[in-house]
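Here's the structure, in structure tokens; my notes come after.
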Amino acid sequence: MVTQDATALPKAAGIIGKVPSSPSQSDVQLNVDPLLLEVADVVNTTLDLDTTLRRVAELVRKVIDYEIFAILLLNEKAQELRFRFQTGYPKEYAERARVKVGQGVTGRAAQLRQAILVEDVTKVNDYIEAIPTVRSELAIPLIVKNRVIGVIDIEAREPGYFTDEHRRLLTLIGSRMAVGIENAQLYTRTTRQARTLLLLNEIARELSSILNVDQLLKRIAELLNRIIDYQMFSILLVDESGEKLVHRFSLRFQESIHLKNDIPLGRGLVGVAAAEKAAVLVPDVSKDPRYIMANPETKSELAVPLIYKDKVIGVLDLEHTRRGFFTEDHKRTITTLAAQVAIALENARLYEQIARQERRLERDLSLARELQFRLLPPSMPMAEHLDVAAKFVPARAIGGDLYDFVQYSGSRMGIVIGDVSGKGAPAAIYAALVSGILRSHAPIEPTPAEMLSAVNFSLGERRIEAQYICLMYSVWDDEHRTLQVANSGLPRPIYIHDGKMQIIEATGLPLGLFDDAEYEEFTFQTEPGDMFVFFSDGILDASNRAGEMFGRRGVERVIASCAEQSPDCMVTSLFQAVEEHSAGESAFDDQTVVAIKVKESVAKRP
């Protein structure tokens, strides 16, 4: 401890001390002016709060050679003074101390808005003892625009250490320095808010890019620690019932732990935050009846609800072992961040839900694709005078095209190729319906026109809005080598006879749209080498990147080049030409080709 000699103080400080005879007013003015210039220099040259407070302390030391000194700033909402700069006090006391306005010497100086000089603190009833050996105290309020922002407080171990001149000069210094302190506070607050906003923006951008819920929760904890140095942290999510909060992620002193205790909405601090859709800040949990003890070390807690589209989806819960650790600034910051966290969390949950649905849909589509291909003929039909080839490629996992071969009595068979409106699962289901209808009518062995009319009638009885099918139905008589053809909206087929290519002008209305539709029937007496090629719209409509369709001209070019080849070669060549034309562009529509060719010669039977 430094011995403070009152008579030596003026010589050391060069201002006014406790001396037998007071200096003249001119001497005081002479000594005050340089000091006020230094005060102005502090006010005008720095906006850093710590630097400002330190320089205030240095200026005061030029007036009084103190040992115990503090600057306490006012928390207006709590109406209490808190240590912001000090020397001579125990560190633990300065960190925890809260002086209510009106309490003790410093509290009364703030309340009365005037300096208070106490020559002997042992004679003051409301004196707050921080250091047992203190005997005298001087408290100077810091006032800006008639508003108290803090108090300069000096204590000494000798009674009567401070004088009226000290009080007058420190009041003068305090009135000037208050402006500098407030400016520094504003600058510090604004700078901190700007840094916080930038950090929040950075966090929001990062969180929005994480679509795995578990990774997101872990990252939230890491990023939040850059804003608040919490010791315990939990994210609780509202369960499917909407009645309780479930611990989804928890940290205790940077170690991940698993908590199983669920909390009903409305119970405990987190339950209250969720039920009331408002942040709950508790400086001392031991004094709050709503608190449910989960960790004996917890002294203060901040619970902030996660709200998405006015619905609470969870709670961010922060805890600390120090009372009063969390502030209103923390509350505002975390409330702002919680809005971004809620969006990111809901996006991640939605993404995971969609991903699960897509995986399930992928499995369903895979099964549907397998079933659809199993519904197709497992092999080409065998006929004495006819070779057959067919191929179907859906635009998506499953499609609405179909082809089939229906056995009639004797040596006759029905040949089917169809194209359902639309694509994907609805078209595939409709195609399966049509396939079933076709086979239900096959036993009566209708002609192609009769089959189209029968299918049209059946679909009319089960009419589905905006669904229809274009169908080509043919009947091949292998004994007489004749082919009957009827069409209901598919592209006109191509017939190759005597080396010449001709279009079969078979047209008709799609099935399932008009009840009274009639269909024309064509009959061909074939010869060896004749070929018929049937195809769906997907072949004609296949487009390249320039938007140019393969078209009928492309089909005819391939058919002409393969006229002397087998049906297999014809089908393969058509699909290869379409693929080359598309040049990697995805198919817009399902593609199906059926080719039949009358055999050149028949092997003798054994």
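None of the figures in this text is laboratory data; all of them are computed from the coordinates on show. Source: prediction; values computed, not measured. Quick reminder, even Gly has a Cβ in these numbers, built from the backbone with ideal geometry, and neighbours come from all protein chains shown.
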Describe numerically, in nm with one decimal, the distance between label points set 7 Å from Cα along Cα→Cβ at R189 and at A275. 3.4
Proximal aspartates and glutamates relative to K391, as straight alpha-carbon distance under 16 Å, when same-chain residues fewer than 8 apart are discounted: E370, D401, D404, D419, D537, D568, E579, D589, D590
How would you classify segment 376-598 from its alpha-carbon gyration tensor, with a ≥ b ≥ c the square roots of the eigenvalues: rounded for a/c under 1.5, else prolate if a/b is greater than b/c, otherwise oblate? oblate
If we count every other residue with Cβ under 12 angstrom of G499's Cβ, Lys/Arg +1 and Asp/Glu -1, where does the sum land? -3
Work out how much length A583 to S409 would gain on full extension: take 0.36 nm times their residue separation and subtract the Cα-Cα distance, in nm to one decimal. 58.1 nm
Can you list the lysines whose alpha carbon is less than 26 Å from that of K145, not counting same-chain residues fewer than 8 positions off? K77, K100
Counting residues in the chain as N, plug N into 2.2 N^0.38 Å and put the Cα Rg over that result. 1.83
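Rounded to the nearest 0.05, what FRET efficiency do S209 and F253 have when you use their Cβ-Cβ distance and R0 = 30 Å?
On the way: r = 29 Å, r/R0 = 0.95.
FRET efficiency, S209 to F253: 0.55.
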Net charge within 14 Å of R369 by Cβ-Cβ distance, Lys/Arg positive one each and Asp/Glu negative one each, not counting R369 itself? -1
With a point put 7 Å past each Cα toward its Cβ, work out how far D126 is from T87 in nm, to one decimal. 3.0
So what are the ³J(HN,Hα) numbers for segment 426-441, from phi and the Karplus equation (6.51, -1.76, 1.60; θ = phi - 60°), rounded to whole Hz, Gly and Pro as x? x, 5, 5, 5, 5, 4, 5, 4, 4, 4, x, 5, 4, 6, 6, 8
Most packed first (mean Cβ within 10 Å per residue), the peptides 296-308, 452-464 order as 296-308, 452-464
Near K244, which aspartates and glutamates are there with a Cα under 13 Å away, not counting those fewer than 8 places off in the same chain? D262
With Rg from the Cα atoms and Rh as the Kirkwood inverse mean 1/r over Cα pairs, segment 488-606 has an Rg/Rh of 1.03
Rounded, prolate or oblate, given the Cα gyration tensor of segment 205-250, with a/c below 1.5 counting as rounded? oblate
Gained length - R545 relative to T336, 0.36 nm times residue gap less alpha-carbon distance: 70.5 nm
Taking the Cα centre of the chain as origin, sum charge times position over the Cβ atoms of Lys and Arg (+1) and Asp and Glu (-1), and report the length of that vector in debye to the nearest 20. 3120
How much length would be gained if the chain were fully extended between M380 and E38, taking 0.36 nm per residue of separation minus their Cα-Cα distance, in nm to one decimal? 112.7 nm
So, with points 7 Å from each Cα along the Cβ direction, the R356-E243 label distance in nm works out to 2.1
Tally Lys and Arg at +1 and Asp and Glu at -1 over the other residues with C-beta under 11 Å from the C-beta of V475: what net charge comes out? -4
Counting other Cβ atoms within 10 Å, which trypsin sites (Lys or Arg not before Pro) in segment 519-562 have at most 13 and lie in a DSSP loop? R545
